[in-house]
Amino acid sequence: MTDKPLSSSTLPPSTLSSGTLSSNTIAAVLVEALPYIRKFTRKTIVVKYGGNAMTDDALKVSFAQNIVLLKLVGLNPIVVHGGGPQIGNLLKKIGKESHFIDGMRVTDSETMDVVEMVLGGLVNKEIVNLINQQGGSAIGLTGKDGNLIQASKLEIKSPSEDLKTPEIIDIGHVGKVEKINTQAIDMLIDSDFIPVIAPIGVDSQGRSYNINADLVAGKMAEVLNAEKLMLLTNVAGLQDKQGEILTGLSTEEVDNLISDGTIHGGMLPKIRCALEAVNNGVTSAHIIDGRVPNAVLLEIFTDSGVGTLITNQT
């Protein structure tokens, strides 16, 4: 598996012609992609966009180009984005300190206002603009639009030595997905638009919730019967205890890797999100390195890919 795309500096001299790729090399790349394009035409691909890919200018353009190309060759990409660093930066500017419990940002009412402004406004519209600048037709949504993401309050339970039942910790306006209303998404896909979704949910009382973008992407992939769930990360993929990238894994193999401690720490929530999606009808889930230019295209349209593939196949 390659950990970076081919470039003129990594290809052997025989493949170069006047400083550019030879026509044979270009043709070989296109031919390799052809069966994947044919296989995935009209299929839905849910991509969770975050990490370095969201903060590096060159990677942002690369990602937008990838999404536009997916749409142009007949796939239906849906982007669900995060924005944790951007939220943290704005909170710092207004003199508000960020606090986390079990990886979740404690979100009081003031913080929720910042979350909505950053995710639903600044970040969402930047992604929409990037995609449109590359020739796509993107429309930005939050989970509040058309009751797209119906949510409820997430409760964090902490074991207590003094109590027989776990202590419930209130982390404010942090939510979990109860239901996805696919009507708006279906309408956009049918009209050849690319949905770009900020992970903000709303409950029956109109209260807003900050929801983990991985969880929203996973649920979105499930209810839309997506072909693929792709989670962009800041690591090369799921690694074994020797640091080698693992791919082509079944859900049973992933469960075993969790049991023996190979998968641990910060990778666990992403892997569990991927497992749940695959166990609930998504054909495959991918943990891919968002630091690699054109990572989405390389994972979908090449034999080697750039990350970890998880399927229900044994």
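How many of the residues making up the range 226-240 are closer than 20 Å to G83 by Cα and without any contact (Cβ under 8 Å) to a residue 60 or more places away in the chain?
Summing the residues that are closer than 20 Å to G83 by Cα and without any contact (Cβ under 8 Å) to a residue 60 or more places away in the chain in the range 226-240 gives 1.
What are the residues in the range 41-54 that are open to solvent by less than 10 Å² (accessible area, probe 1.4 Å) and at pLDDT 95 or above, if any?
Listed by number, the residues that qualify are I45, V46, V47, Y49.
Only one of N76, N24, N66 is loosely packed, with under 12 Cβ neighbours inside 10 Å and either modelled with pLDDT of 90 or more or over 24 Å from A277 (Cα atoms) (or both). Can you tell me which?
None of the other options fit; the residue is N24.
Cβ contacts < 7 Å: first residue of a type in the set (G, A, S), restricted to the range 125-152; second residue open to solvent by 50 Å² or more (accessible area, probe 1.4 Å) and assigned to a helix (DSSP H, G or I), any location; separation 6+ or different chain. Result?
A138/N132; G140/K125; G146/Q183
Quick check on this structure: which one of I94, I139, I87, I101 is hydrophobic (A, V, I, L, M, F, W, C), under 15 Å from H173 (Cα atoms) and surrounded by fewer than 21 Cβ atoms within 10 Å (Cβ to Cβ)?
Among I94, I139, I87, I101, only I101 is hydrophobic (A, V, I, L, M, F, W, C), under 15 Å from H173 (Cα atoms) and surrounded by fewer than 21 Cβ atoms within 10 Å (Cβ to Cβ).
Only helices (runs of 4 or more DSSP H) wholly contained in the range 197-314 count here; list those with 1 or more residues that are among the small types (G, A, S) and open to solvent by 20 Å² or more (accessible area, probe 1.4 Å).
Qualifying helices (runs of 4 or more DSSP H): 251-259.
Taking D108 and the conditions (1) over 26 Å from P195 (Cβ atoms); (2) free of Cβ contacts under 8 Å to residues at least 60 places away in the same chain; (3) charged (D, E, K, R), which numbered condition does it fall short on, given that it satisfies the others?
Here D108 clears every test but (2).
What are the pairs, 6+ residues apart or on separate chains, where a residue within the range 71-97 that is within 19 Å of I300 (Cα to Cα) and in a helix (DSSP H, G or I) has its Cβ under 9 Å from a residue that is of a type in the set (D, E, K, R) and open to solvent by 80 Å² or more (accessible area, probe 1.4 Å)?
Here the result reads K71/D192, each pair linking the range 71-97 to a residue that is of a type in the set (D, E, K, R) and open to solvent by 80 Å² or more (accessible area, probe 1.4 Å).
Could you give me the residue pairs with C-beta distances under 9 Å whose first residue belongs to the range 241-260 and is over 17 Å from A285 (Cα atoms), whose second residue is open to solvent by 90 Å² or more (accessible area, probe 1.4 Å) wherever it lies, and which are 6+ apart or on separate chains?
Listed pairs, sorted by first residue: D260/K241.
The values are calculated or read from the model by the stated rules, or taken from the named source; none is laboratory data. Keep in mind that what you see is a predicted model, and the values were worked out from it rather than measured. All Cβ positions, even for glycine, are placed from backbone atoms using ideal geometry, and neighbour counts span all protein chains on display. Remember, those area values only see protein heavy atoms, side chains included, never the ligands or the DNA or RNA. Shrake-Rupley method; radii C 1.70, N 1.55, O 1.52, S 1.80 Å.
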